[in-house]
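Here is the structure we will look at.
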Amino acid sequence: MNDWCRQLGKRNFCLVSIHTNAVGNGKQWMNARGWTCYTSRGQTAGNHLADCLYRAAALWLPGHKLRKDYSDGDPDWESDFYILKNTLCAAALSENLFHDNADDLAFLESVPGRQAIIGLHVRGIINYVPFLSR
């Protein structure tokens with residue numbers, strides 16, 4: 001990604017790293033649930049991207065918990081994940097429910113669940129496009 005950013009300008013790109021979450025060790029089902037988005041620390045272009053993803057998640061994941069941290073004024077969680085700190089363009093990392101929660105996993109493995117995860121990311125990125133080149 002950074003090579004493309006250097007060649008064509010970081011304002012022409014965004015990066016979304018897509019994951020599922022877990023809290024356990026894989027030996028039992030856990031109770032944690034929900035959708036989360038992370039950005040690097042501080043106010044960055046990634047914050048706008050995360051805001052767009054949160055708005056899309058609210059539409060595509062009705063009834064699912066959206067895990068938020070407003071300690072810095074916006075809903076995303078901040079982290080020192082390497083991919084967020086070291087990517088030149090706007091970057092966000094989504095944790096799409098918990099694969100060690102039986103209900104979340106059943107949703108993730110269903111056709112509607114997969115469509116929701118895809119749809120929220122597509123919609124979030126489309127909504128972010130106007131922020132590119134700013």
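From least to most packed, judged by other beta carbons within 10 angstrom and beginning with the fewest, Phe131, Phe107, Phe98 follow the order Phe131, Phe107, Phe98.
Taken over the chain, the convex hull of the Cα atoms encloses 114 Å³ per residue.
The value of relative contact order for the chain, using C-alpha pairs under 8 Å at least six residues apart, is 39 percent.
So if I take the centroid of the Cα atoms in region 17-62 and the same for region 75-94, what is the distance between those two points in Å? After rounding, the separation between the Cα centres reads 12 Å. The residues Leu97, Leu84, Leu59, when put in order of fewest to most other Cβ atoms within 10 Å, stand as Leu59, Leu84, Leu97. Between helix 111-128 and the chain there is an angle of about 20 degrees, using the helix long axis and the longest principal axis of the Cα atoms.
Put simply, when 30-39, 46-55 are sorted by average Cβ atoms within 10 angstrom per residue, most first, you get 46-55, 30-39. A simple spin-label model places the labels of Gln28 and Cys5 4.2 nm from each other, with each point 7 Å out along Cα-to-Cβ.
Let me check I've understood the local charge: for Ser79, count other residues with C-beta under 15 angstrom from its C-beta, Lys and Arg +1, Asp and Glu -1. What total comes out? Value of the local net charge: -3. Mean residue ellipticity at 222 nm, helices only, the chain: -12000 deg cm²/dmol; runs of at least 4 DSSP H residues each add -39,500 (n - 2.57), and the sum is divided by the number of residues.
Each reported figure results from applying straightforward, stated rules to the coordinates on display, with no laboratory input. Bear in mind that the values here come from a model prediction, so they are computed numbers and not experimental data. Cβ: placed from backbone, ideal geometry, glycine included. Neighbour counts: every protein chain shown.
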